[in-house]
Amino acid sequence: MYNNDYGKTTADVETPKHPESFQAQIDLNQQQLNAVQHPVDSKLMVVAGPGTGKTHVLVARVLYLIQLGVPPEKIVVTTFTNRVTSTLISRISQIAGSDISNRLQIHNFYSICQGLLHTFGAKLDIDTDFDVADEIELESITDDVVSSFTTYPRERDSIKSRIKKFYMSKQSGLDVEILKDDIVSNLVEKTQNILHERKLLSYHDLLELGTELVERFPSSVNQVEATLVDEFQDLSPLHWRFIKGLSQ
């Protein structure tokens, strides 16, 4: 879940007693140190191959921000997988302690969006007491909707494939033609109605609605002082919009 401490001020939150000790526990070369100590009011993208210490730099950057006085709960680190999330939390906890790592907002994109929508979803007229439909559940609902439209296996498979492209295109913006497919649009709308009736949001919904939330209501939603992105090169246009909105 998204640990949200938006109601707390800096004075309410305990700060690390010896933040200067963090840097002494991390071995960095000069290039890595330059990245870690990059000015906090400007953007930086670290480009390096596998095994060159990008995760190491990310951990050090988080600890450096805390050393500068940024409250841990106002630092957001986005990832694409739970495995990377666990790795980052574990490494930071080993150096700074679990009291610090537990206050950091280190989550995959969907978890961050889910937490924001549970907290602020009413601003978009969303029932905040929703559950998340995983890919298996979404596929089952889609199968039922498509089967009600056609019983021909070949046509059914074709439509299901186009629906997948539809969802992917909404995130990537690459294949805009599929968004003009009237049959697909109609069936997707029926699928969304079923999800709504069951108080469910799909992963697609989480990212799309989370992005709308941070873009439309930045002053009340976005109380973040630093945003770090793991595997930045893998961001879709929608992911990038979410990051920009979250960082306003």
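Among the residues of segment 103-121, is any free of Cβ contacts under 8 Å to residues at least 40 places away in the same chain, surrounded by fewer than 15 Cβ atoms within 10 Å (Cβ to Cβ) and either in the same structural domain as V57 (by TED's automatic domain parsing) or among the charged types (D, E, K, R) (or both)? The answer is no; no qualifying residue exists. Across segment 33-51, not a single residue is classified as assigned to a helix (DSSP H, G or I), surrounded by fewer than 21 Cβ atoms within 10 Å (Cβ to Cβ), polar (S, T, N, Q) and touching a helix residue (DSSP H, G or I) at 6+ places or on another chain (Cβ under 7 Å). Would you be able to say whether some residue in segment 93-102 is of a type in the set (G, A, S), loosely packed, with under 14 Cβ neighbours inside 10 Å and part of a helix (DSSP H, G or I)? Yes, segment 93-102 contains a residue that is of a type in the set (G, A, S), loosely packed, with under 14 Cβ neighbours inside 10 Å and part of a helix (DSSP H, G or I). If you filter segment 122-136 down to residues that are out of contact with any strand residue (DSSP E or B) (no Cβ under 9 Å at 6 or more places or on another chain), touching a residue at least 12 places away in the same chain (Cβ under 8 Å) and not in a loop (DSSP other than H, G, I, E, B), you find that the one that is surrounded by the fewest Cβ atoms within 10 Å (Cβ to Cβ) is L124. Among residues of segment 175-194 being closer than 26 Å to L117 by Cα and touching a helix residue (DSSP H, G or I) at 6+ places or on another chain (Cβ under 7 Å), the one that is modelled with the lowest pLDDT is L179. Scanning segment 148-164 for residues that are part of a helix (DSSP H, G or I), surrounded by 13 or more Cβ atoms within 10 Å (Cβ to Cβ) and more than 21 Å from the chain's Cα centre (by Cα) yields a total of 8. Taken over segment 163-210, residues that are in contact (Cβ under 8 Å) with a residue 40 or more places away in the chain and of a type in the set (V, I, T) amount to 2. Considering the conditions (1) more than 28 Å from D234 (Cβ to Cβ); (2) exposed (fewer than 12 other Cβ atoms within 10 Å of the Cβ); (3) not basic (K, R), E177 is excluded by exactly one of them, (1).
The values are calculated or read from the model by the stated rules, or taken from the named source; none is laboratory data. Quantities reported herein were computed from a predicted structural model and do not represent experimental measurements. Note that we place each Cβ from the backbone using ideal geometry, even for glycine, and neighbour counts take in every protein chain shown.
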